Amino acid sequence: MILARFVPWLALIFLDRRELYVTLIYLPTLLSPVVWATILAQAAGETLNRLRRGKNLPTPATYRPKGTYRLPFQGWWWVGNGGPDPETSHSWELLGQRYAYDFVIRDEEGKTHRGSGRRPEDYYAFGAPVCAPADGVVVAVQNRHRDCPWPGLLDPLAWSILGNYVLIRHEGGEYSLLAHLKRGSVRVRPGQWVRAGEVVGECGNSGHSTEPHLHFQFLDRPNLFLGLSLPIPFSGFLRKREDGALERVPLGFPVRGEEVAPMS
């Protein structure tokens, strides 16, 4: 099976100049030991999760959240990826990231950056406050990972898929993960109690991130690879419609392509 896919791809590289250029650009990342370790860890986690839960996987219709959660930021953000169904999901086939979200900030023209966007600092989301979605205890943090200086590419020198992150344990053993944070911006430490809406760090471009954005998700365990992604809705947020009208959502799931903001 591997050969059946590899041989046509190899032929395409030599026959298509654009494909060759793309491959050369991504070659350092493709050869990164971290990338391959991540692939193996995800495969192992998927296998264990399927053995652990079988067909009894959490869905928006069957899962009952233990706590109440707000959006993990301030102001208006755009849902670049994520939703509660296969059509909008961040990564439907990955049980560990099925209900994850990628949030970015856009301007009125729909752009996520100023100018050329060649630097992380050009992006509106870079340095924006990231907040705890609910009260809880900080379980783990990372604050030393560099921000990739080349938006558009996965950092070949990244030693963690998450980059800088904050992991919080909430009521009933639900965990929230806020990842790809800006280096040096994390303001909390393991064991610290945080309140809903408290700023815990800033959005960055660390880890496996192609542009500054916030990766956010809920897990049933404090581990991205061994944990199961949970379909937990957000309470009290605004949704901006295509005609510019604002819709108040008491409880619901943001969906890819929407612009949303917490009501408080």
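Here are a few things to note about the model shown:
- Acute angle (nearest 10 degrees) that the helix 2-15 long axis makes with the longest principal axis of the chain, alpha-carbon atoms: 70
- 27 Å Cα-Cα reach of K111 towards lysines, excluding residues that sit fewer than 8 places from it in its own chain: K182, K240
- For the range 134-181, diffusion coefficient by Stokes-Einstein and Kirkwood Rh (Cα), 4 °C, 1.567 mPa s, µm²/s: 109
- At R0 = 22 Å, FRET efficiency that the Cβ-Cβ distance of D85 and R64 yields, to 0.05: 0.75
- Shape analysis of the chain based on the Cα gyration tensor places the equivalent ellipsoid semi-axes at 29, 23, 19 Å, largest first.
- Debye intensity ratio in log₁₀ form over the Cα atoms of the range 99-148, taken at each q of 0.16, 0.17, 0.21, 0.29 Å⁻¹: -0.67, -0.74, -0.97, -1.22
- On a per residue basis, the chain carries 51 Å² of accessible surface, using protein heavy atoms and a 1.4 Å probe.
- Net charge, P60 excluded, C-beta distance under 12 Å - Lys, Arg +1, Asp, Glu -1: +1
- Computed over neighbours whose Cβ is under 12 Å from that of P233, the net charge equals +2, Lys and Arg +1, Asp and Glu -1.
- Cα-Cα pairs of the range 85-226 separated by more than 19 Å (percent): 50
- Potential extension, R114-V139 segment - 0.36 nm per residue separation minus Cα distance: 5.5 nm
- Considering only S160, S32, S89, the Gaussian network model of the chain with Cα springs below 10 Å gives its largest mean-square fluctuation to S32.
- Computed from backbone phi with θ = phi - 60° and the Karplus coefficients 6.51, -1.76 and 1.60, the 3J(HN,Hα) list for the range 66-74 is 7, x, 10, 10, 9, 5, x, 7, 10 Hz; x is used for glycine and proline.
- Environment charge of L95, counting only residues whose C-beta is closer than 10 Å and scoring Lys/Arg +1, Asp/Glu -1: +2
- Charge-dipole axis of the range 108-264 as Lys and Arg at +1 and Asp and Glu at -1 on Cβ define it, positive-most pick from G257, G191, G110: G191
- Each principal axis of the range 52-93 carries a Cα extent, and these read 39, 26, 17 Å when sorted largest first.
- Max mean-square fluctuation residue, GNM over the chain, Cα-Cα springs under 10 Å, options V199, V249, V166: V249
- Folded to 0 to 90 degrees: helix 17-30 orientation relative to the chain principal axis, Cα: 60
- Simple point charges give the picture: +1 on the Cβ of Lys and Arg, -1 on the Cβ of Asp and Glu, and for the range 30-175 a dipole about the Cα centre of about 460 debye.
- Look at the alpha carbon pairs under 8 Å that are at least 6 residues apart: their mean separation over the length of the chain gives a relative contact order of 23 percent.
- Geometric descriptor of the range 19-171, per residue, is 170 Å³ (volume of the convex hull of the Cα atoms).
- Sequence of F225, F218 when ordered by accessible area, the most exposed leading, probe 1.4 angstrom: F225, F218
The values are calculated or read from the model by the stated rules, or taken from the named source; none is laboratory data. Worth saying up front: this structure is predicted, and the values here are computed from it rather than measured. Note: ideal-geometry Cβ built from the backbone for every residue, glycine included; neighbour counts use all protein chains shown. The accessibility values were calculated without ligands, DNA or RNA, using every heavy atom of the protein model including side chains. Shrake-Rupley method; radii C 1.70, N 1.55, O 1.52, S 1.80 Å.
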